[in-house]
Every structure is written in C-alpha cells, then in structure tokens.
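Below is one structure; the comments refer to it alone.
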Amino acid sequence: MSTTATLRRAVFPRSTTYSKALLVTFGTLFIAGLAQIAIPVPGSPIPVTGQTLGVLLIGAGYGSSLGLTTLITYLIIGIAGAPVFASGGHGLAHLTGPTGGYLIGMLVASLVVGALAGRKWDQKVRSALPAMLLGDVIIFSFGLFWLQNYTNKSWSWTIAAGFTPFIIGEVLKIAIAGTSLPLVWRLVRR
C-alpha cells in the first residue's frame with residue numbers, strides 16, 4: 001500500500017471525493033500559510049519563505065497525484081486573486097515575474113517527491129532526506145533558470161540573489177521534512 005493511501009486511510013477510513021477535496025483544501029491552505037512567512041532579501045526579488053517546506057511535506061504526505069492537484073489548486077487560486085503567494089501576493093504577475101520559476105519548480109517537485117513517497121522513500125530518514133533534497137534541487141533549478149532569464153543578469157548575480165541567501169533555511173526545511181515524515185509514518189502504523 002502506498003504512503004498516500006496509508007495517510008488517507010488513517011485520516012479518512014473511506015476515501016471519497018469529499019475526503020480528497022478536504023485534503024487538497026487543507027494542503028492549499030497549509031502552503032499558503034507557510035508562504036506568509038516571508039522575509040525580504042536585500043537586493044533580491046525573491047523572499048525567503050516557508051513555502052518550500054509546505055511543498056515538500058504535501059508532496060510526500062499526499063503522493064504525486066494528490067500533491068500535484070494541491071499545487072495546481074494553490075497556483076490557480078493565487079492567479080485568480082486569492083492572497084496566497086508570499087506576503088499575501090496574488091495574480092498572474094507572480095507566475096510570470098521573477099518568482100515564477102520557483103512556483104513552477106514547486107509544482108514539479110511535489111510530483112517527484114510524491115512519486116518517491118509512493119515508493120516509500122518518505123518512511124526512513126536515510127531515504128527521506130535525499131528525496132527532500134531532490135525536491136529542493138528541482139525548485140531551485142527551475143527558479144534560478146527563470147530568474148536569470150527574467151532579469152537577464154549574470155549567473156553570479158542570479159546565484160547570489162536567488163540561491164545563496166536561502167541555503168541555511170533550505171537545509172533546515174529539508175531536515176524538518178526529512179526527519180518528521182518517518183516519525184509520522186511510525187505513529188500512523190501504530
């Protein structure tokens with residue numbers, strides 16, 4: 001049984017469209033809430049946020065299909081005008097502006113991390129940490145390529161503005177996600 005199915009059965013004994021909709025709603029609100037933890041980075045259009053932690057946890061906890069659905073929902077409601085992006089941001093400009101690559105990277109990361117969770121990579125720390133690291137690499141790869149293309153600045157500026165200030169925070173988020181999920185699964189199994 002996949003970890004996603006285990007989670008849904010632990011929370012909702014009978015998996016229904018209603019239960020999936022509740023999970024997507026909760027996941028969307030969770031990511032939106034963590035996006036509000038936003039610290040501006042001087043000289044960078046990209047703030048430090050809690051968003052990536054939410055994406056890693058939702059991707060692994062929900063699996064690829066439900067995690068992807070949650071991220072698509074998050075992006076759609078943000079584009080439609082709900083203040084769910086960093087610092088209450090909203091609108092298409094967030095997807096087409098300097099943060100767009102990070103947002104698309106989050107979508108892809110949720111799919112990949114969810115697929116790895118489906119193979120039980122999220123159940124042991126020794127496999128959960130690399131899964132979370134891969135998710136973060138995906139987010140920052142998309143983000144940095146988009147940021148460099150959007151700003152047309154040098155790669156050294158792009159790395160300095162779009163990656164370097166985030167290293168410590170991302171290490172902490174990977175550690176939180178990579179160690180908390182195996183503990184959660186141990187509790188669910190009991």
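Here is how the numbers come out for the structure above:
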quantity	calculated
Residue among G118, M106, L68 farthest towards the positive dipole end of the range 3-189, charges placed on Cβ	G118
Enclosed volume per residue, in Å³, of the convex hull spanned by Cα atoms of the range 27-127	89 Å³
Positive-end residue of A161, P83, I176, charge dipole of the chain with Cβ unit charges	I176
Sum of -39500 (n - 2.57) over DSSP H runs of 4+, divided by residues of the chain (222 nm, nearest 500)	-24500 deg cm²/dmol
Ranking of L129, L103, L144, L56 by count of other Cβ atoms within 10 Å, fewest first	L129, L144, L103, L56
Cα point-scatterer Debye curve for the range 3-189, base-10 log of I(q)/I(0) at q = 0.08, 0.14 Å⁻¹	-0.24, -0.72
Helix runs (DSSP H) in the chain reaching 20 Å along axis by Cα, Kyte-Doolittle at least 0.0	17-35, 51-80, 100-118, 125-151, 167-189
Lysine-lysine proximity count for the chain, Cα under 26 Å, sequence distance 8 or more or distinct chains	5
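Rule-based calculations on the coordinates, nothing more; no lab input. From a predicted model like this one, the values you see are computed outputs, not experimental measurements. Neighbour counts run over all protein chains shown; Cβ positions are idealised from the backbone, glycine included.
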